[in-house]
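Report on the following structure.
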Amino acid sequence: MNWAAARATTAIAVVTAAVSLILILTGMVPDAAVAGGFIPLRFEGAVLPPDFGFAVPTLLTPLSATLIHGGFAHIAFNLVMLVYCGAQTERALGPRGIAVLYVVGAYAAAMAQYVPDPASPMPMIGASGAISAIVGAYALLFGRRRATKGIAGLSAEFTHVLWLAAGWIGIQLLLGYAGMGMGAIAVAAHIGGFIAGLVFAKPLLLWRYRNA
């Protein structure tokens, strides 16, 4: 991997790994999940107890949640997908494009998690939703060259997108069911992030080369 050509992806991965590992090693994940995780109920006006201490502003929690992971398996698998798909996608979208896509993915994932259950008090943590946007963009931008034939009348490119989405979400579910420190898996958030990647990949590509 050419790290210089994927500097935005590298920066995101390094910051995410550093913060997550500090929280895991110091046993601060539970407190951090409440203070900085995405909690739908907070967007309904709920506030944390006054004696809880510092809390990330509600509107920023979709981003701060991406820096909090439940365990080593959680952060390791997310970083693998982020680095692999992110580096490839950044080659197409550029560092600004990949940064915008990551932020959009984080908020799209939070919105997808919020809509089905706005009153949920459960914190959503992890970068999986934001990474889902990068995985979705990667599937769309590079699916044509990797797919060979479609199924059930679908195009090869669309079949590749579906397989990658199913594999990404499926592995997240298996890790969650294996009890690797991840808690409940926010399936809606993964789907929301993935769809955001599909929607924004080509507009961001056009934006990068708008003056070409």
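The values are calculated or read from the model by the stated rules, or taken from the named source; none is laboratory data. Treat the numbers as computed from the prediction; the structure is a model and nothing was measured. With ideal geometry, Cβ positions are generated from the backbone for all residues, glycine too; neighbour counts draw on all protein chains shown. Ligands, DNA and RNA are excluded from the accessible area calculation, which covers all protein heavy atoms including side chains. Shrake-Rupley method; radii C 1.70, N 1.55, O 1.52, S 1.80 Å.
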Members of region 1-45 that are over 22 Å from residue 59 (Cβ atoms) and open to solvent by 60 Å² or more (accessible area, probe 1.4 Å): 1, 2, 3, 4, 7, 14, 21, 22, 25, 26, 28, 30
Count of region 118-156 residues which are at pLDDT below 65 and either in a loop (DSSP other than H, G, I, E, B) or buried (at least 18 other Cβ atoms within 10 Å of the Cβ) (or both): 9
Qualifying residue in region 46-53 (condition: buried (at least 16 other Cβ atoms within 10 Å of the Cβ) and not polar (S, T, N, Q)): no
Selection count where residues are outside any helix (DSSP H, G or I) and within 19 Å of residue 72 (Cβ to Cβ), scope region 1-17: 0
Filter result for residue 67 (of a type in the set (A, V, I, L, M, F, W, C), free of Cβ contacts under 8 Å to residues at least 60 places away in the same chain and open to solvent by 30 Å² or more (accessible area, probe 1.4 Å)): no
Extreme residue, nearest to residue 197 (Cα to Cα), among residues of region 76-86 that are hydrophobic (A, V, I, L, M, F, W, C) and open to solvent by 10 Å² or more (accessible area, probe 1.4 Å): 81
Subset of region 18-41 [assigned to a loop (DSSP other than H, G, I, E, B), touching a residue at least 24 places away in the same chain (Cβ under 8 Å) and among the aliphatic types (A, V, I, L, M)]: 39
